[in-house]
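Engineer: The structure that follows is given in the form of structure tokens.
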Amino acid sequence: MRRAKISIIGAGNIGGTCAHWAAAKELGDIVLLDIQIKDKPELHMPKGKALDLACCGPIENFDSRITGTFDYADIADSDIVVITAGMPRKPGMSRDDLVQVNAGIVKNVSENVKKYAPNSIVIVVSNPLDAMVYVAWKTTGFPTHRVMGQAGALDVARYKTFLAMELGVSVEDIQGILLGGHGDDMVPLPRLTSVNGIPIHDLLPAAKIQACVDRAKVGGGEIVKLMGTSAFYAPASGTIEMVEAIVRDKKRIIPCAAWCEDQFGVKAANNGKGLFVGVPCVLGSKGVEKVLTFTMNAEEKKFMDESINHVKDLIAATVKLFPDLA
Ligand code: APR
């Protein structure tokens with residue numbers, strides 16, 4: 001039987017780390033694609049990373065074939081394409097500041113995905129995430145269930161990490177979900193957070209829970225300040241959690257940026273139109289197989305509407321740059 005083919009566009013920090021996790025989990029064969037550095041034609045970074053990773057195979061016991069390339073023809077017949085191409089944040093930048101540079105990059109990448117991997121499922125990681133998912137969807141013209149964004153997998157992992165640190169318990173025993181765009185106005189949901197079924201409110205005072213929520217919201221910025229560039233281990237790990245759910249048809253429930261209309265009042269908050277925004281999704285071999293909904297309370301609804309409005313503004317800014325994406 002043919003192995004899954006996973007192409008990763010952008011072989012930088014996140015792309016390279018995605019390849020690392022995907023190979024270690026033996027999810028399939030991996031193609032790492034990047035662009036040639038103009039003033040250094042002697043270098044072939046994706047090929048170098050692919051070779052370096054391939055040499056981990058005998059140690060880590062994986063047989064994934066890993067290819068590095070500059071040529072989109074090599075992504076042909078991909079089952080999954082992960083888009084990490086684009087500029088990361090520098091200290092002081094918000095994700096939204098990246099729209100100017102990254103919208104053009106993601107548009108260009110998506111044109112090639114449409115041409116060379118027309119049957120693939122696309123996972124976008126480039127920021128500003130929710131707007132870049134929109135760019136990939138508009139450009140590829142793929143059905144909505146085959147285009148999604150990685151954000152919630154990371155954001156909820158950060159939220160759980162901070163709660164586990166506060167409680168002094170294993171991260172494995174924290175359950176939680178989160179809604180909204182991948183920005184500082186994401187919506188972690190303490191009401192639906194538990195520690196092996198015990199409501200989080202019974203274990204931590206409200207102020208401590210709120211501190212974890214707040215830290216999750218700006219967790220990306222905290223790391224940018226420390227490293228001078230965007231986080232990459234956890235974003236890549238969250239991405240490969242999604243890839244694994246799809247490749248192994250696991251029907252995992254993972255928060256992803258997915259197309260919503262009536263779900264969570266998206267159409268009502270967005271002038272009657274659908275939008276890609278972070279919601280709990282069932283991920284399987286078809287991509288986003290279902291968006292799971294639940295009744296929000298008034299406060300959650302208010303936060304979700306604010307987040308939808310933010311995503312709406314980001315898409316408007318993107319369409320201003322590229323009117324053909326309207
Ligand atoms: N086609 C393919 N690759 C590209 C293109 C393009 N048109 N433009 C840039 N790239 C590549 C760069 O050459 C670089 O290797 O994308 C890679 C990005 O890697 P990093 O600079 O290390 O950035 P990274 O930390 O991986 O973040 C990538 O994901 O989470 C987001 O905010 C983050 O937008 C950023 C993206």
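The values are calculated or read from the model by the stated rules, or taken from the named source; none is laboratory data. Every value quoted in this text rests on a predicted model; they were computed, and no experiment measured them. Every residue, glycine among them, receives a Cβ derived from its backbone with ideal geometry; neighbour counts consider all protein chains shown. Accessible surface areas use protein heavy atoms only, side chains included; no ligands, DNA or RNA. Shrake-Rupley method; radii C 1.70, N 1.55, O 1.52, S 1.80 Å.
Engineer: If contacts are Cα pairs under 8 angstrom and at least 6 residues apart, what is the relative contact order of the chain in percent?
Structural biologist: 17
Engineer: Does the chain come out rounded, prolate or oblate by the C-alpha gyration tensor, with a ≥ b ≥ c the root eigenvalues, rounded set by a/c under 1.5 and, if not, prolate when a/b is larger than b/c and oblate if not? Could you put the intermediate results ahead of the total?
Structural biologist: On the way: a/c = 1.60, a/b = 1.31, b/c = 1.22.
Taking the square roots of the gyration eigenvalues as a ≥ b ≥ c, the chain is prolate.
Engineer: Shifting gears a bit: Taking Cα atoms, how many degrees apart are the long axis of helix 233-247 and the longest axis of the chain, rounded to 10 and kept between 0 and 90?
Structural biologist: 80
Engineer: Sequence-distant or interchain residues sharing an amide H contact under 5 Å with Phe62, placed H: which?
Structural biologist: Amide H neighbours of Phe62: none.
Engineer: Select from Ser170, Ser194, Ser110 the residue whose mean-square fluctuation is largest in a Gaussian network model of the chain (Cα-Cα springs shorter than 10 Å).
Structural biologist: The residue with the greatest mean-square fluctuation here is Ser170.
Engineer: Glu166 label point, 7 Å along Cα→Cβ, cut-off 15 Å on backbone N: hits in the stretch 204-221?
Structural biologist: In the stretch 204-221, the label zone of Glu166 (backbone N under 15 Å from the point 7 Å along Cα→Cβ) covers 204-219.
Engineer: Can you work out ³J(HN,Hα) from phi for every residue in the stretch 103-114, in order, using Karplus 6.51 cos²θ - 1.76 cosθ + 1.60 and θ = phi - 60°, giving whole Hz and x for Gly and Pro?
Structural biologist: 4, x, 5, 5, 5, 4, 4, 5, 4, 6, 5, 4
Engineer: Still on this structure, please answer the following. As a check on your grasp of the helix formula, calculate [θ] at 222 nm for the chain: sum -39500 (n - 2.57) over DSSP H runs of n ≥ 4, divide by the residue count, round to the nearest 500. The partial results should precede the final answer.
Structural biologist: Values: 11 runs with 136 residues, N = 326.
Value at 222 nm, helices only, nearest 500: -13000 deg cm²/dmol.
Engineer: Also: Run through the DSSP bridge list for the chain and note the antiparallel percent, rounded to the nearest 5.
Structural biologist: Numbers: 21 of 41 bridges.
Counting DSSP beta bridges with both partners in the chain, the antiparallel share is about 50 percent.
Engineer: Can I ask one more? How far, in nm, would the chain grow between Lys267 and Met227 when pulled straight, counting 0.36 nm per residue and subtracting the alpha carbon separation?
Structural biologist: Numbers: separation 40, 0.36 × 40 = 14.40 nm, distance 3.85 nm.
10.6 nm is the gain from fully extending Lys267 to Met227.
Engineer: Of the accessible area of the stretch 77-180, with the probe set at 1.4 angstrom, what percent is carbon plus sulfur? Write out the running numbers ahead of the final one.
Structural biologist: On the way: 1780 of 3570 Å².
About 50 percent, which is the carbon plus sulfur part of the accessible surface.
Engineer: Pull out the extension gain between Ser285 and Asn119, defined as 0.36 nm times the separation in residues minus the alpha carbon to alpha carbon distance; nm, one decimal. Let's see the in-between values first.
Structural biologist: Values: separation 166, 0.36 × 166 = 59.76 nm, distance 1.23 nm.
Residue separation times 0.36 nm, minus the Cα-Cα distance, leaves 58.5 nm.
Engineer: Only Cα pairs under 8 Å and at least 6 apart count here; give the relative contact order of the stretch 5-151 as a rounded whole percent.
Structural biologist: Numbers: 281 pairs, mean separation 32.9, N = 147.
Relative contact order, the stretch 5-151: 22 percent.
Engineer: Restricting the calculation to Cα positions, tell me the Rg (one decimal) and the Dmax (whole number) of the stretch 85-138 in Å.
Structural biologist: 11.4, 39
Engineer: Can you give me the C-alpha center-to-center distance between the stretch 218-286 and the stretch 102-143, rounded to a whole angstrom?
Structural biologist: 15
Engineer: If you don't mind, there's one more thing I want to ask. Which residue fluctuates the most in the chain, going by a Gaussian network model with Cα springs under 10 Å, if the choices are Pro91, Pro41, Pro280?
Structural biologist: Sorting by GNM fluctuation, first place goes to Pro41.
Engineer: Okay, moving on. Compute a Gaussian network model of the chain, connecting alpha carbons closer than 10 Å, and tell me which residue from Phe232, Phe62, Phe264 fluctuates the most.
Structural biologist: Comparing Phe232, Phe62, Phe264 in a Gaussian network model of the chain, the most mobile one is Phe62.
Engineer: Can you tell me which lysines have their Cα less than 19 Å from the Cα of Lys320? Leave out same-chain residues fewer than eight positions away.
Structural biologist: Partners within reach: Lys107, Lys138, Lys273, Lys312.
Engineer: Given a Förster radius of 51 Å and the C-beta distance between Gln36 and Arg248 as r, what FRET efficiency does 1/(1 + (r/R0)^6) yield to the nearest 0.05?
Structural biologist: On the way: r = 34 Å, r/R0 = 0.67.
Plugging the Cβ-Cβ distance into 1/(1 + (r/R0)^6) gives 0.90.
Engineer: From the P(r) of the stretch 5-151, can you give the percent of Cα pairs sitting at distances over 26 Å?
Structural biologist: Details: 2396 of 10731 pairs.
Distances greater than 26 Å cover 22 percent of the Cα pairs.
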